[in-house]
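Visitor: Pasting a structure below so you can have a look.
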């Protein structure tokens, strides 16, 4: 039984989860938008002064901000 437990423990340490991300086929972002987005992400990654801390979970927070803005834009279009 000890041999089985050892094998299970070693298998659990070598298993790696992967996530596949695919670009949506219907969306084509312009080069101008991509450049502006890249500049904005880089700006958010920089510490503006010594009193500020870097943004934790930047990617999740950035995506949340983008979802918020897209929702605002799409709701204004519906009205």
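Visitor: For the chain, which helices (runs of 4 or more DSSP H) that fit wholly inside it have 2 or more residues that are modelled with pLDDT of 80 or more?
Guide: Of the helices (runs of 4 or more DSSP H) lying wholly inside the chain, those with at least 2 residues that are modelled with pLDDT of 80 or more span 31-45, 58-78.
Visitor: I would also like to ask the following. Search the range 16-38 for residues that are surrounded by 10 or more Cβ atoms within 10 Å (Cβ to Cβ) and pair each with any residue that is assigned to a loop (DSSP other than H, G, I, E, B) when their beta-carbon atoms are under 9 Å apart and the residues are at least 6 apart or on different chains.
Guide: 37/29
The values are calculated or read from the model by the stated rules, or taken from the named source; none is laboratory data. From a predicted model like this one, the values you see are computed outputs, not experimental measurements. Every residue, glycine among them, receives a Cβ derived from its backbone with ideal geometry; neighbour counts consider all protein chains shown.
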